[in-house]
C-alpha cells in the first residue's frame, strides 16, 4: 500500500476524488428523483420527502461511511482492494477444507462477474442523466439527448487506447469543482427550506417503514442508487492508500453529497413539479447550461474509473487463472496500473450503446441498476466475515457484529432491487451469469488439461533418475515453459522425438502467479539445479504485475546461470482442444475451445523475443 507523507496527503486525496469517488459522486443526478418517479413512485409530501432523505442519510452513513470507508478498507490484500483481491485473501486464510474453499472462491468469482454488469450500466446511466439536463434548459434538446449521449460515449471509449494520463491530471480538480458545486447548490436550497434537516432523525425513516412497509420496501431500491460507488472505492484503494481515501470522503465527498440530497428534498417541498429533475432545477437559469457541461465532465470521469476497473478486473482474473491470457497495452511509461485491453473496451462500448438505445432515459436505466452492485456488496461482506473469523484481528466480536448488521441491510437492498427484474434488472443478472460461466469454464478446462498432462507426461524425478538420453548436444540454452514443474514438458519430448538433440543447457521455467498483488524483487527468482546443466527456474509474479520473463531473467546470472540472449531458445506448448467423451459437457467444451483460440500466445504474453520462440501444438480431448 502506498505510504503517504503529510505533505503528499492533500494531493493524493485530491487525486482520489476523480478515480475513487467519481461513481458515487454522480448519484445525485438520478438517485433522489427515482423515489418519486416510475411505477411505484411516492407521492410528493413532506412525510415522504423526509422519510426518503432520512433513509438516504442513514444508508450512506452506515454502508459507505462506516462499512466501506472505516471497516472494509482494513481488509486489504497487501495494499490492494476489490472483491477479487479479497477473495484471494480469504482463500489464503481458508481452513484446509475443500467445500469451504470452493464456496469462498465461487462467491468471489460470482461477485467479480456481477461487477461487469455494473461497469457497463454506470457509463450509460451516468452520461445519459447528465445530458438530460439539456431538456431542462430548453425543450428543443429533447430529441438530441440520446444522440449526444452516444457521441460522448463513443468518444470516451475511443480515447482509451491512447491512455488517460494527460486528461487524468484534470480528474481531481474537475471532480473537486463538481463536489463544491453539489454542496453550494444544496446549501442554498436548504437555507430556503430548513425543515428538511429534520430528516437527520432516523425516526422519520423508521416511522415510514412501520406505517407503509410495502412502500418502504420499494423505496430501498431508489435509496440504494446513492450507494452504488461503494465497491468502486474499495477496488481503487490500492492506488492511493486508505488514509487519502478516508480524508477525501469525510472532508469533501460525504458532506457534499448529503447537502445536495437534502437540497433536492427542500426544492421538492417548495415546488412539487420540480421532482421531474430536482438536481438541475436547484440551479438558477443562467447556471443550468454550465452545470450540464460540468455534470457531463463528472460522469465521463466516473465512467473512466469504471472502465479502468473493468480492465483491472480482467487482468486480475487472467492472472488468477479464470480467464485466458489477454493482450494488454500499457498506456503510460510511468504508471504501471494504466492499462488498456482492446477486446474488453469494444465489447463494453457495444453493450453500453445497446443499453442507451434500448432504455432511452436514465429513469428507465435506473431499473436495471442496483442488482449487480447489491449482490457484490453482500459477497464482500461475507468474505470480510470469513477473513475476520480466520485471522487474528482486534475487536473481532465488534467487527463481526457490525458486518452482520450491514449484511442484513444489504440483503434488504438486494431483495428490493429484485422487484426491478422485469423492468430491466434482468440485464446485469444475465450478464453476470454469462461472465461467471466463462470464468468457471476456463478454470475447469484449464484444470482438466493440466490433469491430463500430468497423467500422460513423465514425472520429472523419473526423467532425472534415468540415464540421460544418448543424443547429440548442441550449443546454446533451451528454456522450456511449463505449467507443472513436477512433469517433463511435452515440448522436450517433441525435440527428442523429431530432432533427436538436446541443448547444452536446459532450463525448465515455471511462472508462478501468487494470490498477492505484488512480489518483492528479492522473492522473484527461485533457481534449483536438477542435474548437470539442467535447472528448474521459478519466477513469481503478483496478480497485479505484468509477467515480463526477459526482464526477470536478468537476475538469473547472479544465481549462477548464464543465459546468452542470442543463444537461448524458448519452447512453448499450445493445446488444441478436441470434443470427446470427457468431463466437460459438449457446450462447455466448445466454449472452452473458443476461449483457447482467443487467448494471447505465450510469446507475446510473457514478452519473449519472437525470433527466439518455438511453439509446439498438442491435441487434448476434454
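The values are calculated or read from the model by the stated rules, or taken from the named source; none is laboratory data. Bear in mind the structure is a predicted one, so any value in this text is a computation, not a measurement. Here Cβ is always computed from backbone atoms with ideal geometry, including for glycine, and neighbour counts include all displayed protein chains.
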Residue count, segment 413-426 (criterion: in contact (Cβ under 8 Å) with a residue 60 or more places away in the chain and surrounded by 15 or more Cβ atoms within 10 Å (Cβ to Cβ)):
6
Contact list please: Cβ distance under 6 Å, first residue in segment 180-208 and at positive phi, second residue assigned to a helix (DSSP H, G or I) and at pLDDT below 95, pairs at least six apart or on different chains.
none
Among (1) closer than 28 Å to residue 87 by Cα; (2) in a helix (DSSP H, G or I); (3) in contact with a strand residue (DSSP E or B) (Cβ under 7 Å, 6 or more places away or on another chain), the one test that residue 440 misses:
(3)
Do we find that residue 383 is modelled with pLDDT of 85 or more, surrounded by 17 or more Cβ atoms within 10 Å (Cβ to Cβ) and touching a helix residue (DSSP H, G or I) at 6+ places or on another chain (Cβ under 8 Å) in this structure?
yes
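Would you be able to tell me the number of residues in segment 216-272 that are assigned to a loop (DSSP other than H, G, I, E, B) and either at pLDDT below 85 or closer than 22 Å to residue 417 by Cα (or both)?
Of all residues in segment 216-272, those assigned to a loop (DSSP other than H, G, I, E, B) come to 228-229, 236, 241, 271.
Now restrict to residues that are either at pLDDT below 85 or closer than 22 Å to residue 417 by Cα (or both): 228-229, 236, 241.
Selection size over segment 216-272: 4.
Could we say that residue 321 is touching a helix residue (DSSP H, G or I) at 6+ places or on another chain (Cβ under 9 Å), under 22 Å from residue 238 (Cα atoms), surrounded by fewer than 22 Cβ atoms within 10 Å (Cβ to Cβ) and not assigned by TED's automatic domain parsing to the domain that holds residue 599 here?
For residue 321, the condition - touching a helix residue (DSSP H, G or I) at 6+ places or on another chain (Cβ under 9 Å), under 22 Å from residue 238 (Cα atoms), surrounded by fewer than 22 Cβ atoms within 10 Å (Cβ to Cβ) and not assigned by TED's automatic domain parsing to the domain that holds residue 599 - is met.
Table: residues versus (1) at pLDDT 85 or above; (2) touching a helix residue (DSSP H, G or I) at 6+ places or on another chain (Cβ under 7 Å); (3) surrounded by fewer than 13 Cβ atoms within 10 Å (Cβ to Cβ).
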{"site": "500", "(1), (2), (3)": "no, no, yes"}
{"site": "503", "(1), (2), (3)": "yes, no, no"}
{"site": "516", "(1), (2), (3)": "no, no, no"}
{"site": "520", "(1), (2), (3)": "yes, no, yes"}
{"site": "530", "(1), (2), (3)": "yes, yes, no"}
{"site": "551", "(1), (2), (3)": "no, no, yes"}
{"site": "563", "(1), (2), (3)": "no, yes, no"}
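Filter segment 460-492 down to the residues that are assigned to a helix (DSSP H, G or I) and free of Cβ contacts under 8 Å to residues at least 60 places away in the same chain and list them by number. Talk me through it step by step, then tell me what you get.
Let us first name the residues in segment 460-492 that are assigned to a helix (DSSP H, G or I), namely 460-465, 490-492.
The answer is 461, 462, 463, 465.
Take segment 384-398 and flag every residue that is closer than 13 Å to residue 410 by Cβ and touching a residue at least 40 places away in the same chain (Cβ under 8 Å).
In the first step, residues of segment 384-398 are kept if they are closer than 13 Å to residue 410 by Cβ; the result is 384-385.
The answer is 384, and nothing else.
Residue-by-condition table, conditions (1) part of a helix (DSSP H, G or I); (2) in the same structural domain as residue 221 (by TED's automatic domain parsing); (3) under 16 Å from the mean Cα position of the chain (by Cα); (4) surrounded by 20 or more Cβ atoms within 10 Å (Cβ to Cβ):
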site: 17; (1), (2), (3), (4): yes, yes, no, yes
site: 40; (1), (2), (3), (4): no, yes, no, no
site: 55; (1), (2), (3), (4): yes, yes, no, yes
site: 61; (1), (2), (3), (4): yes, yes, no, no
One residue from 110, 115 being surrounded by fewer than 24 Cβ atoms within 10 Å (Cβ to Cβ), assigned by TED's automatic domain parsing to the domain that holds residue 425 and either free of Cβ contacts under 8 Å to residues at least 40 places away in the same chain or not in a loop (DSSP other than H, G, I, E, B) (or both)
110
Only one residue in 105, 145 is under 23 Å from the mean Cα position of the chain (by Cα) and either modelled with pLDDT of 85 or more or not in a helix (DSSP H, G or I) (or both). Which one?
105
